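The structure appears right after this line, and notes come after that.
The values are calculated or read from the model by the stated rules, or taken from the named source; none is laboratory data. Predicted model, so just to flag it, every value in this text is computed and none were measured. All Cβ positions, even for glycine, are placed from backbone atoms using ideal geometry, and neighbour counts span all protein chains on display.
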């Protein structure tokens, strides 16, 4: 992944602004062409163009690559506004007020997006996908992840392990570089606390 310095001048944005519009706005404000953003984010021009034109629903890995390309965090990309980097930081997200974005398989509510350079990315996720076939590929990216099931039942599919069924109160911690995808295994969409970290090297062994 690229470790670019911020290239976009972040401004106030509605949390309802779709991700496609945020990506296009940040790219234009930064004066980046599709090719330049593609090079910074290690994504193809066609992928970025499809995202901007709402012809493609990006995976979390793709979203993370875009954030890297802009030199910002995932939470800032979702919200379209800058986060603070002061010391002695604290932020509270009242219930139901997180920054929401939807992709084909999940609804994300990003939590505590006002703080920059966090050591992990916390979010609530609602799982709409019902089959692994709804994913083009298993998702993989740098870091580690923790999921805690709040409601419903999910199946955690991973590259190296048999599918695991998890219910309310169950949790799992895993290496994000291992291909993975979570699907709902019940009658209703499942909800979970999902925390992604990028501050440690991949697990070995």
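Which of the residues spanning segment 156-182 are in contact with a helix residue (DSSP H, G or I) (Cβ under 9 Å, 6 or more places away or on another chain), part of a strand (DSSP E or B) and without any contact (Cβ under 8 Å) to a residue 60 or more places away in the chain?
157, the sole residue that qualifies.
Return a yes/no flag: does segment 135-155 have any residue that is farther than 27 Å from residue 71 by Cβ, free of Cβ contacts under 8 Å to residues at least 24 places away in the same chain and part of a strand (DSSP E or B). Talk me through it step by step, then tell me what you get.
Let us first name the residues in segment 135-155 that are farther than 27 Å from residue 71 by Cβ, namely 135, 138, 147-155.
Among the residues that remain, those that are also free of Cβ contacts under 8 Å to residues at least 24 places away in the same chain are: none.
Looking through segment 135-155, none of the residues is farther than 27 Å from residue 71 by Cβ, free of Cβ contacts under 8 Å to residues at least 24 places away in the same chain and part of a strand (DSSP E or B).
Among the residues of segment 111-127, are any surrounded by fewer than 18 Cβ atoms within 10 Å (Cβ to Cβ) and under 17 Å from residue 165 (Cα atoms)?
Scanning segment 111-127 turns up no residue that is surrounded by fewer than 18 Cβ atoms within 10 Å (Cβ to Cβ) and under 17 Å from residue 165 (Cα atoms).
Checking the condition closer than 23 Å to residue 142 by Cα, in contact with a helix residue (DSSP H, G or I) (Cβ under 7 Å, 6 or more places away or on another chain), surrounded by fewer than 21 Cβ atoms within 10 Å (Cβ to Cβ) and in the same structural domain as residue 23 (by TED's automatic domain parsing), which residue from 44, 49 passes? Before you say what the answer is, go through the steps one by one.
Details: 49 fails: closer than 23 Å to residue 142 by Cα.
Unique residue meeting the criteria: 44.
Can you name the number of the only condition in (1) part of a loop (DSSP other than H, G, I, E, B); (2) within 18 Å of the chain's Cα centre (by Cα) that residue 65 fails?
(1)
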